[in-house]
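The values are calculated or read from the model by the stated rules, or taken from the named source; none is laboratory data. Treat the numbers as computed from the prediction; the structure is a model and nothing was measured. Don't worry about glycine lacking a Cβ; one is built from the backbone with ideal geometry, like all the others, and counts go over all protein chains shown.
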Amino acid sequence: MNRVRILVLGTGNMAANHVRAFQADGFAEVVAGVDVDAARARVFCDAHGIAQAFGDLDEAIAWGEFDAAANVTPDKAHHATTMKLIAAGKHVLCEKPLAETFAQADEMASGADQGGLINMVNLTYRNVPALQTARALISRGEIGEVRHVEASYRQSWLVGNHWGDWQTLPMWLWRLSHKHGSKGVLGDVGIHILDFASYAVGMSAVTLQAQLATFSKAEGDQIGEYPLDANDSAIMSVGFENGALGVIHASRFMTGYANSLKLAVFGTKGALEIDHGPYTSIRMCAGTDVHNQAWRDIASDPVPTNYQRFITAIRDGKNAEPSFRYAADLQRVIDRCYDRDCGVAPLIVRGQTA
């Protein structure tokens, strides 16, 4: 087939990453950009050499000269806009989280599958070679049967000013306010670390306990129009399909870490660790090393990005992961975390939704 024609929906910071990735792919062509602000769409498209600019998705769909869309809208817009694209028969790569609730994500997944459309979610840490290496090693049984998992997503922009002054910048304040569409650190990066752990071990969480915390950060817990009521820290205690236990957490108060993911997986024959921050490392303790706790660094080869795999999936006519259905199952876990005093309860049993 000819090059896949891509429409980019939403022109915020992340949209530029999508455009650059697709423009670097010889099998893709970015043909249009859409934003609710038509002038902003035009500026964005001119800056990236994109011919068509629209201020309305319906107008772009009526034009129709595209094969697939990258949905880079805010979280709360994912469901409505993606359903329109699905109805129009367009393949979709959607930013994470797929939707604000499992019910919405489930509808999106079902609609895309019924329409025979390629559907993927941009869980960007799938692009980390160390994560792909870890999954391969674990699936081959290099560390034996998984028994325990520890994973954390560490940020500290509520402590340091490395990303600017959160108390004065709307780009950070909205992330602390339910009124402005935020579901807190859990909704922002919780799905990333849940995927990081689940994908590495090749298993889904089947039981869950969770606790969320919102800390006081200003007088009256409000700054201007922003009530500061979204969660700042989240802890999940999960059980996996084989009975292994896991602790998964995320926080914006992990001082000293700008944006780091850490994963440790312990098995009956060994263990491995990933540290992904400014630099990435992966190491393993296995074989005879388990007797003296020796750890050895492991090399990882480059891997295709989500953007590349999306284009390949369209060209091959075969869906790739992470799919809408997979992301919907992750959203089911995230949704349960918002239940206050969430106790142990079944989530997914033998691969089927409960």
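Looking at Val265, is it crowded, with 18+ Cβ neighbours inside 10 Å, in contact (Cβ under 8 Å) with a residue 24 or more places away in the chain and assigned by TED's automatic domain parsing to the domain that holds Leu194?
Taking the combined requirement at face value, the residue satisfies it.
Out of curiosity, is Leu245 of a type outside the set (Phe, Trp, Tyr), surrounded by fewer than 16 Cβ atoms within 10 Å (Cβ to Cβ), in contact (Cβ under 8 Å) with a residue 12 or more places away in the chain and touching a Ser or Thr at 6+ places or on another chain (Cβ under 8 Å)?
yes
Given the options Pro129, Pro74, name the one that is at pLDDT 95 or above and surrounded by fewer than 17 Cβ atoms within 10 Å (Cβ to Cβ).
The conditions single out Pro129.
Just to check your reading of the model, which residue among Ser182, Ser139, Ser204 is surrounded by fewer than 15 Cβ atoms within 10 Å (Cβ to Cβ) and in contact (Cβ under 8 Å) with a residue 40 or more places away in the chain?
That would be Ser139, the only listed residue that is surrounded by fewer than 15 Cβ atoms within 10 Å (Cβ to Cβ) and in contact (Cβ under 8 Å) with a residue 40 or more places away in the chain.
Considering only region 221-242, state which residues are surrounded by fewer than 16 Cβ atoms within 10 Å (Cβ to Cβ) and over 14 Å from Leu176 (Cα atoms).
The answer is Asn242, and nothing else.
Give the number of residues within region 139-176 that are in a loop (DSSP other than H, G, I, E, B) and either touching a Pro at 6+ places or on another chain (Cβ under 7 Å) or farther than 24 Å from Leu272 by Cβ (or both).
12
What residue, among those in region 1-57 that are out of contact with any strand residue (DSSP E or B) (no Cβ under 8 Å at 6 or more places or on another chain) and polar (S, T, N, Q), is surrounded by the most Cβ atoms within 10 Å (Cβ to Cβ)?
Ranking the candidates gives Asn17 first.
Identify the single condition in (1) surrounded by fewer than 21 Cβ atoms within 10 Å (Cβ to Cβ); (2) at pLDDT 95 or above that Ile274 does not satisfy, given that it satisfies every other one.
(1)
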